[in-house]
Amino acid sequence: MFLEPSFHTQRRGWIEVICGSMFSGKTEELIRRLKRAKIADQSVEIFKPAQDTRYSTNDVVSHDARVIASRPVMTSEEILSAARDTLVIGIDEAQFFDEKLPAVCEELALRGHRVIVAGLDTDFRGRPFGPIPDLLAVAEYITKLHAICHHCGNLATHTYRLSEDSETVVLGERNIYEARCRHCFSLGNILDLRVKL
């Protein structure tokens with residue numbers, strides 16, 4: 001069971017990473033933690049990549065329609081200057097940020113901020129996605145969430161792309177992606193390869 005760190009037991013900054021496949025509840029968990037910090041009268045700000053406009057241009061919205069106001073940014077370095085007076089910093093869809101995000105998060109933690117980051121740990125090919133692997137290496141706390149496989153009902157750890165797009169970043173929802181367990185993900189890739197041959 002994950003226990004959220006407390007400023008009473010740890011007074012300096014730290015990094016928390018929430019990762020997993022699509023539809024695993026990463027953004028929902030990020031919003032939950034940030035709302036709890038707000039209830040405790042801690043200053044909170046959340047950032048998202050400006051390119052992610054699936055549900056909203058400005059707000060962070062979970063798949064189950066939970067919403068929290070956010071600030072869209074083009075680069076991870078923008079977060080450093082924008083979050084100076086904020087105690088708790090949330091970062092959603094971290095996989096879409098540039099490779100400087102881990103260094104930015106470490107700098108924020110050194111300044112005394114609690115940094116909560118959510119993102120996909122692997123892409124649709126099952127490979128490590130963007131800056132997430134480096135964030136996992138430097139984080140004090142890691143939470144890996146699981147979805148339910150759309151095919152067999154087991155725990156899903158992979159994001160399977162239904163379209164034939166080959167680019168790593170393709171914004172989409174249930175019309176383009178499914179959560180799958182390791183077996184169904186591998187089976188789908190084998191069948192896709194046979195169809196293409």
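The values are calculated or read from the model by the stated rules, or taken from the named source; none is laboratory data. Remember, it's a predicted structure, so these values are computed and weren't measured experimentally. Neighbour counts run over all protein chains shown; Cβ positions are idealised from the backbone, glycine included.
Tabulated results
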item: Condition check for Pro72: touching a helix residue (DSSP H, G or I) at 6+ places or on another chain (Cβ under 9 Å) and surrounded by 15 or more Cβ atoms within 10 Å (Cβ to Cβ); result: no
item: Residue among Arg66, Arg11, Arg33 that is modelled with pLDDT of 95 or more and farther than 11 Å from Asp92 by Cα; result: Arg33
item: Pairs where the first residue, in the stretch 25-48, is without any contact (Cβ under 8 Å) to a residue 40 or more places away in the chain and the second is surrounded by fewer than 14 Cβ atoms within 10 Å (Cβ to Cβ), C-beta under 7 Å, 6+ apart; result: Glu28/Asp64
item: Residue among Arg125, Arg174 that alone is of a type in the set (Lys, Arg), farther than 17 Å from Thr27 by Cβ, out of contact with any Gly (no Cβ under 6 Å at 6 or more places or on another chain) and part of a loop (DSSP other than H, G, I, E, B); result: Arg125
